[in-house]
1. How about region 353-406: which of its residues are surrounded by fewer than 16 Cβ atoms within 10 Å (Cβ to Cβ) and of a type in the set (Val, Ile, Thr)?
2. So which pairs qualify, if the first residue must be in region 217-241 and farther than 19 Å from residue 257 by Cβ and basic (Lys, Arg), the second must be open to solvent by less than 60 Å² (accessible area, probe 1.4 Å) and assigned to a strand (DSSP E or B), the Cβ gap must be under 9 Å, and the two must be at least 6 apart or on different chains?
3. When you check residue 104 against the structure, is it touching a helix residue (DSSP H, G or I) at 6+ places or on another chain (Cβ under 8 Å), closer than 27 Å to residue 171 by Cα and in a helix (DSSP H, G or I), yes or no?
4. With respect to residue 126, determine if the residue is surrounded by 23 or more Cβ atoms within 10 Å (Cβ to Cβ) and either in a helix (DSSP H, G or I) or on the phi > 0 side of the Ramachandran plot (or both).
5. Test residue 159 against the criterion of being touching a Ser or Thr at 6+ places or on another chain (Cβ under 7 Å) and not in a helix (DSSP H, G or I), and give yes or no.
6. Could you grab the pairs with beta carbons closer than 8 Å, sequence gap of 6+ or different chains, first residue in region 128-150 and under 16 Å from residue 85 (Cβ atoms), second one among the hydroxyl-bearing types (Ser, Thr, Tyr) and open to solvent by 20 Å² or more (accessible area, probe 1.4 Å)?
7. Residue check: is residue 24 within 23 Å of residue 213 (Cα to Cα) and either outside any strand (DSSP E or B) or open to solvent by 30 Å² or more (accessible area, probe 1.4 Å) (or both)?
8. Determine which single condition residue 117 fails, assuming it passes every other condition in (1) open to solvent by 30 Å² or more (accessible area, probe 1.4 Å); (2) in a helix (DSSP H, G or I); (3) out of contact with any His (no Cβ under 9 Å at 6 or more places or on another chain).
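The values are calculated or read from the model by the stated rules, or taken from the named source; none is laboratory data. Predicted model, so just to flag it, every value in this text is computed and none were measured. Neighbour counts are summed over all protein chains in view; Cβ atoms, including those assigned to glycine, are modelled from backbone coordinates with ideal geometry. The protein model used for the area step is the full one, side chains on, heavy atoms only, and it has no ligands, DNA or RNA in it. Shrake-Rupley method; radii C 1.70, N 1.55, O 1.52, S 1.80 Å.
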Amino acid sequence: MAETFIEVLGISCSYAAEPVLEGVKLSVRKGDFLGIIGPNGSGKSTLIKAISRVLKPAQGTVYLDGREVYSMSPREAARLMAVVSQMTGINFDFTVEEIVLMGRHPHAKNLRKETREDLAKVGWALEVTKTSHLRKRLITELSGGELQRVVIARALAQDTSVLLLDEPTSHLDINHQVEILDLIKELNRNQNLTVIVVLHDLNLASQYCDLLILLNRGRIHAMGKPCEVVTQKNIRNVYRSPVIIKEHPVYGCPQVTLLSKRDGHLRDRGMKIHLVCGGGVAGLLMERLVFEGFEVSAGTLNIGDADWEKARVFNLELEEAAPFSPVTEKNLESTLKLMERADVVVVASIPYGHGNLKNLVAVKRAQERGKRVILVDGTPIRERDYTGGKASAICAELIEKGAVVVDSTVELLAKLQEIEPAVRKTRSRTI
């Protein structure tokens with residue numbers, strides 16, 4: 001296992017007495033590709049500045065290959081770390097080639113003229129960033145995307161073992177975003193280049209980075225592999241934004257789809273709903289409950305069922321059974337536990353066969369233990385009962401013992417809103 005190459009030891013940074021980073025600790029191994037994500041103002045750029053010794057923290061320190069970075073001279077540090085800053089304002093009429101050649105300054109001895117090695121490194125950096133055709137152009141004549149690629153070329157010409165990048169794709173179109181990150185990934189893999197990159201685009205961060213840290217208000221909220229960090233819960237809690245997270249169809253990494261906030265998807269109602277669903281019938285109802293701010297669990301669902309797929313998209317807690325297999329007694333007991341943790345059990349208007357009848361048995365037992373039950377009966381139960389009347393009999397018993405019947409999602413939401421105060425009151429007494 002690779003040893004720690006960069007170690008951040010409890011650093012805290014402030015601007016004008018306003019804390020920006022508080023007690024941040026992390027370890028980076030040689031050859032890691034680490035992404036830093038988080039909302040605006042969470043401390044991402046400040047962390048890059050602290051690691052690159054641009055900003056000395058008020059507390060804590062940073063070690064690079066066993067040496068404290070703040071004890072290094074600027075030239076020493078520049079031989080080890082190359083930095084691509086977020087804002088690059090170059091107002092002098094240097095050519096692109098001259099700008100990239102500046103990346104060789106840490107390796108120069110005294111004021112000698114550039115060597116063949118220097119020119120070779122510059123030529124390579126221009127070529128791989130696809131800026132060779134710009135080499136004689138003045139830097140002040142470039143577009144924002146062209147300038148960004150030139151600045152990355154200068155960092156690559158610096159020929160270091162660590163590359164720190166703060167929003168390297170911010171001014172690039174999607175084609176150049178992919179080209180630059182492909183290049184950095186290739187250098188990371190083939191030359192064991194250690195990369196730490198700040199990215200706003202969560203999908204790019206998830207796709208290219210091996211490890212991620214999620215910053216929130218100057219602290220590390222989550223750290224690990226993309227699948228461990230880019231979760232619906234983390235993104236919702238940190239960004240306060242409604243999202244759907246699915247697996248990338250090719251790379252398998254989590255991919256984020258944004259949702260509008262206009263429908264109040266971020267409301268946390270403080271109510272837990274267990275949804276009895278299946279057969280691909282209740283997907284839209286499940287979506288609506290999640291978007292309305294309810295905490296939803298589901299099951300028992302067969303693996304591969306469309307409602308199971310939807311529950312996985314929303315990262316719901318669920319009980320699952322093998323594909324095309326009946327609900328077992330073990331499934332029933334696990335489902336009952338989910339129901340007991342819920343405030344309300346909602347039974348969707350789904351078909352019943354002998355394979356999923358135990359879900360209704362679980363509802364009956366939950367009701368006997370005092371759980372509120374709402375039946376969505378958009379299609380009468382007799383038209384979707386394939387159990388010889390057993391499902392209809394259980395539903396009739398549920399209604400007789402106080403289950404509420406609604407005809408639509410609109411009626412369901414109205415009923416949930418009606419009982420919400422009582423649920424909150426009950427919960428407050430049990431806390």
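1. 379, 399, listed by residue number.
2. Qualifying pairs under 9 Å: 219/21; 219/23; 219/24; 225/211; 225/212.
3. yes
4. Working: surrounded by 23 or more Cβ atoms within 10 Å (Cβ to Cβ): yes; either in a helix (DSSP H, G or I) or on the phi > 0 side of the Ramachandran plot (or both): yes.
It is true that residue 126 is surrounded by 23 or more Cβ atoms within 10 Å (Cβ to Cβ) and either in a helix (DSSP H, G or I) or on the phi > 0 side of the Ramachandran plot (or both).
5. no
6. What qualifies is 139/95; 147/88; 148/88; 148/170.
7. On the way: within 23 Å of residue 213 (Cα to Cα): yes; either outside any strand (DSSP E or B) or open to solvent by 30 Å² or more (accessible area, probe 1.4 Å) (or both): no.
Considered against the rule, which asks whether it is within 23 Å of residue 213 (Cα to Cα) and either outside any strand (DSSP E or B) or open to solvent by 30 Å² or more (accessible area, probe 1.4 Å) (or both), residue 24 comes out as no.
8. Single failed check for residue 117: (3).
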